[in-house]
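The values are calculated or read from the model by the stated rules, or taken from the named source; none is laboratory data. This is a predicted model, so every value here is computed, not measured. Here Cβ is always computed from backbone atoms with ideal geometry, including for glycine, and neighbour counts include all displayed protein chains. Side chains are part of the model used for accessible areas, which takes the heavy atoms of the whole protein and leaves out ligands, DNA and RNA. Shrake-Rupley method; radii C 1.70, N 1.55, O 1.52, S 1.80 Å.
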Amino acid sequence: AECAAPPPLDVNAAAADLLDRVVAANLTNAALLAAHRTAGRLEREQAEARHALAAGSPYNLRRLFLLEEPLLAAAIRRGDRGAARAVLNRLLVGIHASAGESVDLVKSFYAELVVTVSRTAVWAGGAPEALLQANLSGLGRLSGISGDESLAHWLRAMLEQAMDAVHLARRQDEVATLAEAIAHLHEHFAEDLTRDQLARVACLSPAHFSRQVRRHFGLTFSQLLTRVRLEHATELLATTDRPVAEIARACGYHDPSYFARVFTRAKGSSPSGWRAAQR
């Protein structure tokens, strides 16, 4: 019988598996590898920006800023770090091509960029006080930095600070709006409440609301609603003598049999059995 041909080697998968094994065996430093990958990505992006600049039409720095600054601001407002870094790389190449060997001129352009980035981050919701403090600290360090790579690293770090501020503000806004929706859920759980109704309370699309609920609670909307209803049901079972059917209706279950099945599946005991065990 002929031997079956061996399956083709998946080089990428094999390399990834080897890397995982090396890190697990503590033969290399995962953080150092990540730093090398980041440095490699930055070098590649700079090379691409230089190539695009060389292949493009003649320009002056004013025209470059007029073209690129709105794109940078839009990327910051969207929270799109990849797009923001790409614009920044193009600006870096243009700045150095225009400023030549004048380090002071490069620094002045960088300082102007930081002002633009910070102002946009504030417009996008970033905390003004935190951004102002970060800017003062960063600009204070700028005077002591020399060398193109060190300057570029400083500017990228300032961009990441601004992007972090925007991201934090959005997370806080999402938590606040989500908290309002969850409060509404606790007040109206006995009604025929839907995901779309709560999404409107949170001023989010239904799909985005579902993602936020899963991110913060690890549950779907239906699972969260069931949890809230059952928590209220267990409280009524433990502290009152109301009939189980009445408690079911008070917790949003119009069918007592269905309530009993849901309760039993979650608690491992029927509502009556759970009540008896508590007493």
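Things worth noting here:
- The HN-Hα couplings worked out from phi for region 253-270 by the Karplus form 6.51 cos²θ - 1.76 cosθ + 1.60 (θ = phi - 60°) are 10, 7, 10, x, 5, 5, 4, 4, 5, 5, 5, 5, 5, 7, 9, x, 7, 5 Hz, whole numbers, x standing for Gly and Pro.
- The residues Asp173, Asp255, sorted by heavy-atom accessible surface at 1.4 Å with ligands and nucleic acids left out, run Asp173, Asp255 from largest to smallest.
- Summed over the residues of region 189-279 and divided among them, the accessible surface reaches 56 Å² per residue at a probe radius of 1.4 Å.
- Computed over protein heavy atoms with a 1.4 angstrom probe, the accessible surface ordering of Cys251, Cys203, largest first, is Cys203, Cys251.
- Pairwise label distance in nanometres, Leu105 with Glu231, each label 7 Å out on the Cα-Cβ vector: 6.3
- Summary value for region 115-259: 18 percent relative contact order, contacts being C-alpha pairs under 8 angstrom separated by 6+ residues.
- With 0.36 nm allotted per residue and the present C-alpha distance subtracted, the Gln172-His254 stretch has 25.8 nm of extension available.
- Probe 1.4 Å - accessible area at Leu64, Å² to nearest ten: 20
- Accessible area of region 238-279 belonging to carbon and sulfur atoms, whole % at 1.4 Å probe: 51
- Candidates Leu236, Ala134, His186 compared by Cα position along the dipole of region 129-279: farthest toward the positive end lies Leu236, with charges placed on Cβ.
- Region 178-192 and region 61-121 have Cα centres spaced 45 Å apart.
- Dipole magnitude of region 59-180, debye to nearest 20 (Cβ charges: Lys/Arg +1, Asp/Glu -1, about Cα centre): 220
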